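Notes for the one structure printed next.
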Amino acid sequence: MINVNGLRKTYTRSHQQVHALNDVSLKIDAGSFVAVTGPSGSGKTTLLLSLGGLIQPSTGAVNYNGQDLYGLSPSRLASFRNRTIGFVLQTFNLVPYLTAVENVMLPMLPLGGNGTDPKKQAVDLLDRLGLADRKEFFPRELSVGQQQRVAIARALANEPEVILADEPTGNLDPALADEILDVLEDLNKNRGKTVVLVTHSPQASARAGIVLKLRDGVLVS
Ligand code: ADP
Ligand code: MG
């Protein structure tokens, strides 16, 4: 279970303060599918990155099963993140000079493997996402939908309990978006993953069990 308590994040830019998150508290049960919606600039990405241990909040805490994320040392936080959380970003962030299977293997390497062959695990993941015949392709040789599926496979590399996705369908046409949403829904329903999906598409938030709305850094519903 993820417990967010009194989260505030203030960015300072050229002597101006931006209150990106303003006292956000929420609970996310293990195995739930939560959508975070809200207009551009409302703090969605800041919230998602704070949930993922990537942005130190100004005040407040993020707890995973009682573990205070930002109370961990940077190296323990990095290792917790790598094991527990899979990130899927709008821009995919695939490494252009690595093949699909190499991209998926990337997060497995710092953990030194868990006894199974990383390449075999990566191939299995690509297989599950319908990309068995694309594993040796470079990102530029894949369609956008396929690139996004490689990014999802990579997010799943270490079998994380939690998937944090920031507008993963933002660049896709509605049919491809549906395909990616099917994948996320399957991971939630059939594999028990907790999914937090940032989106401003009603098509996407309709998939979630819980829809949170942010406005100017405040949770409004
Ligand atoms: P959303 O994802 O909903 O569009 P963001 O979390 O990206 O919102 O941004 C929330 C607010 O914080 C915006 O006003 C944005 O301009 C500001 N902001 C985001 N990141 C930074 C940053 N690194 N430095 C300064 N301001 C930022
Ligand atoms: Mg954003």
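Things to note:
- Normalised per residue, the volume of the convex hull around the Cα set of the range 9-71 (Å³): 95
- Computed over the chain, Kirkwood Rh from alpha-carbon pairs, angstrom: 17.8
- Nearest-0.05 FRET efficiency for GLU159 and TYR97, computed from C-beta distance (R0 25 Å): 0.40
- Exceedance of the 32 Å cut-off in Cα-Cα distance is limited, within the set LYS27/LYS135; LYS44/LYS119; LYS119/LYS213; LYS135/LYS189, to LYS27/LYS135; LYS44/LYS119; LYS119/LYS213.
- Most mobile listed residue (PRO96, PRO57, PRO160) in the chain, GNM with C-alpha springs under 10 Å: PRO96
- Using a cutoff of 8 angstrom between alpha carbon atoms and counting only pairs six or more residues apart, the relative contact order for the chain works out to 31 percent.
- The chain, helix-only ellipticity at 222 nm - DSSP H runs n ≥ 4, -39,500 (n - 2.57), divided by all residues, nearest 500: -9500 deg cm²/dmol
- Relative contact order (%) - criterion: Cα under 8 Å, at least six apart; region: the range 6-57: 32
- Ordered from largest to smallest accessible area (heavy atoms of protein chains, 1.4 Å probe), the residues SER42, SER201 come out as SER201, SER42.
- Across the range 80-152, the mean sequence separation of Cα contacts (distance under 8 Å, 6 or more residues apart), normalised by length, yields a relative contact order of 44 percent.
- Taking only protein heavy atoms and a 1.4 Å probe, the accessible area of the range 68-221 is 53% carbon and sulfur.
- Between LYS119, LYS44, LYS193, the Gaussian network model of the chain with springs among Cα atoms under 10 angstrom shows the greatest mean-square fluctuation at LYS119.
- Restricting the calculation to Cα atoms, every distinct pair contributes to the Kirkwood radius of the range 92-221, found to be 15.5 Å.
- Spin-label zone in the range 11-26 - amide nitrogen under 20 Å from a point set 7 Å from the Cα of VAL218 along the C-beta vector: 11, 17-26
- Each label point was placed 7 Å from the Cα along the Cα-to-Cβ direction; for VAL144 and ARG8 their separation is 3.9 nm.
- Summarised as an ellipsoid, the range 76-135 has semi-axes of 20, 15, 11 Å, derived from the eigenvalues of the Cα gyration tensor scaled by 5 and square-rooted, with the largest first.
- Stokes-Einstein D in µm²/s, Kirkwood radius over Cα pairs - the range 42-103 at 37 °C with 0.692 mPa s viscosity: 247
- Taking a Cβ cut-off of under 11 Å around PRO39, the surrounding Lys, Arg, Asp and Glu residues balance to a net charge of +2, with basic ones at +1 and acidic ones at -1.
The values are calculated or read from the model by the stated rules, or taken from the named source; none is laboratory data. Bear in mind that the values here come from a model prediction, so they are computed numbers and not experimental data. Using ideal geometry, Cβ is built from the backbone for each residue, glycine included, and neighbour counts are taken over all protein chains shown. Side chains are part of the model used for accessible areas, which takes the heavy atoms of the whole protein and leaves out ligands, DNA and RNA. Shrake-Rupley method; radii C 1.70, N 1.55, O 1.52, S 1.80 Å.
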